[in-house]
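Quick notes on the structure that follows.
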Amino acid sequence: MDMELIPAPLRADDRGRGGFVLDPSTTIAAAPGTATTERWLRATLGAAFGLPLAPGPEDAPRAIVLRLDDSLDPEGYRLTTRPDEGVVLTGGSPAGVFWGAQTLRQLLGPEAFRRAPVDGSASHGFGATDIEDAPRFGWRGLMLDVARHFMPKDDVLRYLDLLAAHKLNVFHFHLSDDQGWRVEIKRHPRLTEVGAWRPRTKFGHRASELWDDMPHGGYYTQDDIREIVAYAAARHIRVVPEIDIPGHSQAAISAYPELGNTDVVDTAALGVWDDWGVTPNVLAPTDHVLRFYEGVFEELLELFPAEVSPFVHVGGDECPKDQWKRSPAAQARIKELGLADEDELQSWFIRHFDTWLTERGRRLIGWDEILEGGLAPGAAVSSWRGYAGGIAAAEAGHDVVMCPEQQVYLDHRQHGGPDEPMPIGYVRTLEDVYRFEPVPPTLGEEAARHVLGTQANAWSEVMQNRARVDYQVFPRLAAFAEVAWSALPAPDERDFAGFERRMNAHYARLDALGVGYRPPSGPLPWQKRPGILGRPIEGAPPNV
């Protein structure tokens with residue numbers, strides 16, 4: 001039975017009798033442990049349909065019954081319609097119940113995704129169903145870069161809702177970079193007083209000569225972060241905060257110049273970087289820098305509790321070694337530690353924080369450059385430069401999240417045509433994303449078990465507002481969600497035509513949610529206007 005669900009469930013059958021009707025008499029019977037889903041149903045379906053969805057007994061004729069059964073996969077669920085027109089939703093854990101509720105919402109049609117209520121006296125329903133489902137991967141994520149372009153708190157909360165609607169369970173929160181520091185650290189106030197603001201912004205990709213001369217910035221207060229984390233937890237989404245070390249740190253150095261390599265560069269003259277690409281200004285390998293960032297991470301661990309954020313991302317990518325090579329202090333540190341070179345110096349830096357986080361019950365994860373110079377024993381790897389880093393890490397017994405830029409960097413263009421706004425990167429269509437395979441076929445069975453899952457990344461150099469993010473991320477995130485959740489065949493055997501057919505129904509859901517996705521026929525006229533999504537750069541190369 002094609003129920004037009006995204007992501008596709010493991011099994012969905014038409015039971016051929018009865019059905020479910022949602023109307024003013026519908027109640028919710030929630031077993032212990034399912035309260036978060038009960039509240040979510042009332043706040044979403046209740047609000048969309050103008051219904052109370054009051055508590056009631058399991059045997060009520062039109063009850064939504066929420067149960068737990070630990071014999072199921074922890075994130076799996078079973079959704080059935082009873083002959084007496086009630087729904088029984090059973091999850092292997094509270095998270096499984098919640099993911100089943102996302103399926104229930106889709107079955108009720110696009111009206112279930114609206115914020116403004118439809119007529120609360122009407123009935124809404126669907127035919128009898130019997131669905132069994134569970135995810136392929138435990139890590140199904142989206143990385144959102146708020147450092148290059150700041151995204152207000154309410155927009156972050158909205159994206160958590162969009163992740164939940166697609167059964168994605170990891171939000172990788174990129175909070176610092178050369179172009180901005182986005183989280184309040186009370187013991188180091190200049191990180192946001194200075195580091196959160198830049199005087200201007202390059203308009204377009206790094207080859208552009210266009211500039212927006214308006215200052216840009218913003219940051220999240222610690223109360224903002226607590227709200228975001230709580231909102232994610234209520235949707236069974238883990239949050240992975242990222243603070244970049246030792247590269248991508250010019251915003252921090254501009255706020256505290258002593259963090260940089262002061263013996264080879266006038267760090268006091270550095271500002272928050274206003275360009276894209278990779279800056280040569282990196283952290284100095286000093287004890288002072290270690291203590292400074294330990295203080296940063298201490299506050300982060302309080303804001304991101306372990307039950308929501310077991311992993312902490314430290315970046316570790318694109319760290320030029322030129323300043324270390326020229327720095328007498330850095331060379332002395334290499335000699336003191338008995339290291340071979342600057343790559344091992346970066347490894348020493350990462351290993352320090354791997355030990356520090358492990359002692360506090362957390363796990364370090366970093367981009368695949370942390371493999372250079374030797375990988376810290378407990379570290380996990382985000383494999384972004386293709387599959388090679390992930391393969392090497394998995395074969396060495398390290399856990400891996402696959403997020404290769406060639407397949408799942410959603411800031412890259414969706415079409416090669418001239419109308420694509422601000423074209424950058426590889427052309428990756430909806431079909432390309434749908435045919436992405438997170439587990440390389442060359443991995444053996446034991447190594448493949450180290451692939452925790454997969455993640456799409458949305459870097460924001462050319463995504464200066466919510467509309468631009470929507471356009472780049474959707475509809476491709478729907479295809480990615482199916483790759484991460486569903487038990488799909490090999491890439492060349494996947495039924496993309498069937499997925500497109502289901503997407504025709506899903507576009508109506510995205511419309512109801514107010515998502516400004518790229519239409520299948522190409523960008524609409526308003527989506528090409530400067531200031532909304534941006535404009536193509538004259539003479540831009542095909543891949544930048």
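With the simple spin-label model, which puts each label point 7 Å out from Cα in the Cβ direction, the E307 to E258 separation comes to 3.9 nm.
Projected onto planes of every orientation and averaged, the convex hull of the alpha-carbon atoms in segment 354-400 covers 2.9 nm². With contributions of -39500 (n - 2.57) from each DSSP H run of at least four residues, the per-residue ellipticity at 222 nm computed over the chain stands at -9000 deg cm²/dmol.
With the other protein chains left in place, how much accessible area per residue, in square angstrom, belongs to the chain at a 1.4 angstrom probe? Don't skip to the answer; put the middle values down first.
Values: 19550 Å² over 544 residues.
Dividing the accessible area of the chain by its residue count gives 36 Å².
A simple spin-label model places the labels of D266 and D14 7.6 nm from each other, with each point 7 Å out along Cα-to-Cβ. Compute the Cα gyration tensor for segment 446-497, then decide on rounded, prolate or oblate, letting a ≥ b ≥ c be the square roots of its eigenvalues: rounded whenever a/c is under 1.5, prolate when a/b is larger than b/c in the other cases, and oblate in all that remain. In terms of gyration-tensor shape, oblate. Using the Stokes-Einstein relation with a Kirkwood hydrodynamic radius computed over Cα pairs, the translational diffusion coefficient of segment 1-155 at 37 °C and a viscosity of 0.692 mPa s comes to 202 µm²/s. Separation of segment 140-160 and segment 208-255, taken as the distance between their Cα centroids, equals 8 angstrom.
When the chain is fully extended, how far beyond the present Cα-Cα distance does R291 get from D275, taking 0.36 nm per residue of separation? The partial results should precede the final answer.
Details: separation 16, 0.36 × 16 = 5.76 nm, distance 2.88 nm.
Roughly 2.9 nm would be gained on extension.
Counting 0.36 nm for each residue step from A388 to A31 and taking away their Cα separation leaves a gain of 123.9 nm. Close amide H contacts of T129 (hydrogens built in the peptide plane, cut-off under 5 Å, sequence separation of 5 or more or a different chain): R15, T81. Under 5 Å between amide H atoms, partner at least 5 residues away or on a different chain: which partners does F474 have, H built in plane at 1.01 Å? Long-range HN contacts for F474: R518.
Centre-to-centre, using Cα atoms only, segment 334-349 and segment 3-32 are separated by 58 Å. Taking every Cα-Cα distance in segment 430-475 and sorting them into 5 Å bins from zero, the calculated P(r) comes out as 5, 16, 19, 16, 15, 12, 9, 6, 1 percent.
Would you kindly calculate the mean projected area, averaged across all directions, of the convex hull enclosing the Cα atoms of segment 310-468, in square nanometres?
Values: hull surface 48.5 nm².
The number I arrive at for segment 310-468 is 12.1 nm².
For segment 242-363, the gyration tensor built on C-alpha atoms gives an oblate shape. Its axis ratio a/c (a ≥ b ≥ c) is at least 1.5, and a/b is not larger than b/c.
Amide H to amide H distances under 5 Å link A29 with G56, I64, V65, L66, where only residues 5 or more positions off or on other chains count and H is placed in the peptide plane. Over all distinct Cα-Cα pairs of segment 18-101, the Kirkwood formula returns a hydrodynamic radius of 12.5 Å.
Taking a ≥ b ≥ c as the square roots of the Cα gyration tensor eigenvalues, with a/c under 1.5 meaning rounded and otherwise prolate when a/b beats b/c, else oblate, which class fits segment 178-308? Walk me through the intermediate numbers first.
Numbers: a/c = 2.11, a/b = 1.30, b/c = 1.62.
Oblate shape, in that a/c is at least 1.5 and b/c is the bigger or equal ratio.
Across the options G96, P110, L157, the greatest Cα extent toward the positive end of the charge dipole of segment 75-159 (unit charges at beta carbon of Lys, Arg, Asp, Glu) belongs to L157.
How much length is gained on full extension from L337 to A490, taking 0.36 nm per residue of separation minus their Cα-Cα distance? Don't skip to the end; give the middle numbers.
Values: separation 153, 0.36 × 153 = 55.08 nm, distance 4.75 nm.
Net length gain for the segment: 50.3 nm.
Share of carbon and sulfur in the accessible area of the chain stands at 52%, probe radius 1.4 Å.
Converting the Cα gyration tensor eigenvalues of the chain into ellipsoid dimensions via √(5λ) gives semi-axes, longest first, of 42, 25, 22 Å.
Simple point charges give the picture: +1 on the Cβ of Lys and Arg, -1 on the Cβ of Asp and Glu, and for the chain a dipole about the Cα centre of about 1080 debye. Relative protection proxy for 328-340, 167-179, 194-206, 512-524, from highest mean packing down: 167-179, 194-206, 512-524, 328-340 (other beta-carbon atoms within 10 angstrom). Against the criterion of solvent-accessible heavy-atom surface with a 1.4 angstrom probe, D495, D275 sort, most first, into D495, D275.
The values are calculated or read from the model by the stated rules, or taken from the named source; none is laboratory data. Values in this document were obtained by computation on a predicted structure and should not be read as measured data. Positions of Cβ are backbone-derived with ideal geometry, glycine not excepted, and every protein chain shown enters the neighbour counts. These accessible areas exclude ligands, DNA and RNA; they are computed on the full protein's heavy atoms, side chains included. Shrake-Rupley method; radii C 1.70, N 1.55, O 1.52, S 1.80 Å.
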